[in-house]
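Report on the structure given below.
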Amino acid sequence: MSLAEKKCDACVNAVRSLNESEYAPLLEQVKGWTVIDKHHLQKSFKTKNFQEALDLANAIGAIAEEQGHHPDLIVRWGELKIDMWTHKVDGLTEADFVLAAKIDCVRA
């Protein structure tokens with residue numbers, strides 16, 4: 001099963017954050033995402049204007065709400081920036097990579 005086909009369940013099952021050797025294979029499965037300070041995922045989408053960034057943020061927000069896993073979205077003219085981690089464990093879990101894969105499907 002691909003990451004995009006899974007359900008985010010970090011708040012139910014996560015008891016600790018993943019270490020680098022655990023998240024490295026997951027990072028290989030998502031495109032353009034970067035792990036920052038071994039703590040959170042980050043990706044920036046370039047857009048044509050503010051409205052396109054806002055529309056993308058709304059589409060991602062709908063997925064996040066459905067999954068019960070909510071990234072930080074920064075909307076500005078020509079860009080949508082995403083920072084994501086599992087707040088419950090203050091670090092990365094598989095759910096972060098699942099949501100990243102789902103986000104990638106929105107902008108495929």
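The values are calculated or read from the model by the stated rules, or taken from the named source; none is laboratory data. Everything numeric in this text was worked out from a predicted model, so none of it was measured. Cβ placement follows ideal geometry from the backbone for every residue including glycine, while neighbour counts extend to all protein chains displayed.
Side notes on the structure shown:
- The residue pairs whose first member lies in segment 45-56 and is farther than 13 Å from residue 81 by Cα, whose second member is surrounded by fewer than 16 Cβ atoms within 10 Å (Cβ to Cβ), and whose beta carbons are closer than 7 Å, counting only pairs six or more residues apart or on different chains, are 49/77; 49/78.
- Of the set (1) within 13 Å of the chain's Cα centre (by Cα); (2) part of a strand (DSSP E or B), all apply to residue 75 but (1).
- Of all residues in segment 34-72, those satisfying the criterion of being part of a loop (DSSP other than H, G, I, E, B) and either in contact with a helix residue (DSSP H, G or I) (Cβ under 9 Å, 6 or more places away or on another chain) or buried (at least 17 other Cβ atoms within 10 Å of the Cβ) (or both) are 38, 47, 68, 69, 70, 71.
- Test: residue 94 is within 23 Å of residue 2 (Cβ to Cβ), surrounded by fewer than 20 Cβ atoms within 10 Å (Cβ to Cβ) and either out of contact with any helix residue (DSSP H, G or I) (no Cβ under 7 Å at 6 or more places or on another chain) or basic (Lys, Arg) (or both): no
- Conditions (1) touching a residue at least 60 places away in the same chain (Cβ under 8 Å); (2) charged (D, E, K, R); (3) surrounded by 15 or more Cβ atoms within 10 Å (Cβ to Cβ): number failed by residue 31: (3)
A quick yes/no check of all residues on (1) modelled with pLDDT of 95 or more; (2) β-branched (Val, Ile, Thr):
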| position | (1), (2) |
| --- | --- |
| 4 | no, no |
| 28 | yes, no |
| 34 | yes, yes |
| 51 | yes, no |
| 66 | no, no |
| 72 | yes, no |
| 75 | yes, yes |
| 92 | yes, no |
| 103 | yes, yes |
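- Qualifying residue in segment 80-94 (condition: under 18 Å from residue 27 (Cα atoms), in a helix (DSSP H, G or I) and among the charged types (D, E, K, R)): yes
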